[in-house]
Amino acid sequence: MRKSSPDLIVLHEHPEWQKPLFAALERRGVAFEPFDVTRAAFGNAEAPRARLYFNQASPSAYVRGNTRAVPLALAYMRTLERLGARVLNGADVFALELSKSVQATLLTTLGIDTPRSFTFNDPAALHAYARQITWPAVLKPDQGGSGARIQVVESIAQVEEIFRRDPSVWLPDNLFLLQEYLPHDPEQGIVRLEFLGGKLLYAMRVKTHGRFNLCPSPVCNPDDGSGICELPAPQAVDAPPVEFFPYPEVPAEAVETATRIVRAARLDVGGIEYLETPDGRRVFYDINANSNLRPSVASAFGFDPFERVVDFLVAQLRA
């Protein structure tokens, strides 16, 4: 539904991801308007057009050829907030999602177990930390998303060779992390906790089968067949598909820790990921502001997740 002055504007760059949310908004009669940040412009002195904005932009936009979407979304949200608009998952939250380095620092300052990380813009600079790095390690971009450019490496020399062989790996942000590699039981997988309005919506276990693209959207990882999202390389492309399972028995301590992260990050909607190591560590490693909900998992808990999001948005509009 659209009108000249909508109540809600949704910033996004992946229309397929947004279809369930837009359908739920239309069913509920919410006056909303999509704002596609992939090819957009805004006036820096324009008054906000809506009472509420909801950011659904994703750091992984560049994987889909939408590299310029992220800087525009961030600039637009900063402008809107300067002009007095309320933006859910706004500029500060989005900036946190864009930086795995800052996420690692936040988790460390909260006293939460997180992988030891080294941030660099030149592999040769890692030699200064050679005695502190344990191998294998995980090489990942500061601006992550959909598992793009993540790989396991065995030495600084291998890291140097990766960037020497293909300098385009640096794009789009020219910043990387070398992170502690943490083994986990493949039968248990990792855990993702979805939050809405500061409260747990549902928890699920995710069996990765060696893949890094763990996007919960059925568009990217359907229950059967191949997704339409681009598969970032390198990855175990011959492995079974990623599997998602409801996890109603998630430990209360894990939920409490994740809730602390959500509050510290000021997430309105988002997902927190952790894994459990064979030696008993519960390690939190990822903060997602763009939360692609999985209807099949939520249905096991007895609800439609997008209807819950609309409930939250309507409540914010009334407030």
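Nothing in this text is a laboratory measurement; each read-out follows from the coordinates by a stated rule. Everything numeric in this text was worked out from a predicted model, so none of it was measured. Here the Cβ positions follow ideal geometry from the backbone for every residue, glycine too, while neighbour counts run over all protein chains shown.
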Requested in this report: Could you give the size of the charge dipole of the stretch 60-167 about its Cα centre, using +1 on the Cβ of each K and R and -1 on the Cβ of each D and E, expressed in debye and rounded to the nearest 20?
Outcome: 280
Report summary line: G197 neighbourhood, Cβ < 15 Å, K/R = +1, D/E = -1, net charge +2
**Report entry** Descending Cα extents along the principal axes, the chain, whole Å
**Finding:** 58, 45, 40
Report summary line: Result: in the chain the number of Lys pairs with C-alpha under 30 Å apart, spaced 8 or more or on different chains, is 11
Requested in this report: Go through A57, L200, Q103 and say which Cα lies farthest out towards the positive end of the charge dipole of the chain; charges sit on Cβ, +1 for Lys and Arg, -1 for Asp and Glu.
Outcome: A57
Report task. Convert each backbone phi in the stretch 254-265 into a coupling constant with the Karplus relation 6.51 cos²θ - 1.76 cosθ + 1.60 (shift: θ = phi - 60°), then list the ³J(HN,Hα) values in order as whole Hz, x for Gly and Pro. Result -> 5, 5, 4, 5, 4, 5, 4, 5, 4, 5, 5, 7
Report summary line: Residues whose modelled amide H sits under 5 Å from the amide H of I9, counting only those 5 or more places away in sequence or on another chain, are E33, L52, Y53, F54
Report task. With both partners inside the chain, how many of the DSSP beta bridges are antiparallel, as a percent to the nearest 5? Result -> 75
Report summary line: Under the Karplus relation with 6.51, -1.76 and 1.60 and θ = phi - 60°, whole-Hz ³J(HN,Hα) for the stretch 178-190, x at Gly and Pro, equal 10, 10, 3, 7, 10, x, 8, 5, x, 6, 8, x, 9
Report summary line: Sparse-neighbourhood loop hits (GluC sites (Glu not before Pro), the stretch 114-170; DSSP loop; Cβ within 10 Å at most 15 others) -> E154
Requested in this report: Calculate the dipole size of the chain relative to its Cα centre from +1 charges on Lys and Arg beta carbons and -1 charges on Asp and Glu beta carbons; express the result in debye to the nearest 20.
Outcome: 1000
Report summary line: Mean-square fluctuation maximum in Gaussian network of the chain, Cα pairs under 10 Å, restricted to S60, S155, S101, hits S155
Report summary line: HN-Hα couplings for the stretch 153-164 via Karplus (6.51, -1.76, 1.60; θ = phi - 60°), in whole Hz with x for Gly/Pro, come out as 10, 10, 6, 5, 4, 5, 4, 4, 5, 4, 7, 5
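Might you report the magnitude of the Cβ-based charge dipole of the stretch 114-180 about its Cα centre, with Lys and Arg at +1 and Asp and Glu at -1, to the nearest 20 debye?
Around 100 debye, computed over the stretch 114-180.
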Query - Sparse-neighbourhood loop sites, GluC sites (Glu not before Pro) in the stretch 24-100 - DSSP loop, at most 14 other Cβ within 10 angstrom - result: E46
**Report entry** Net +/- balance of residues flanking Q103 in space, Cβ distance below 9 Å, scoring K and R +1, D and E -1
**Finding:** -1
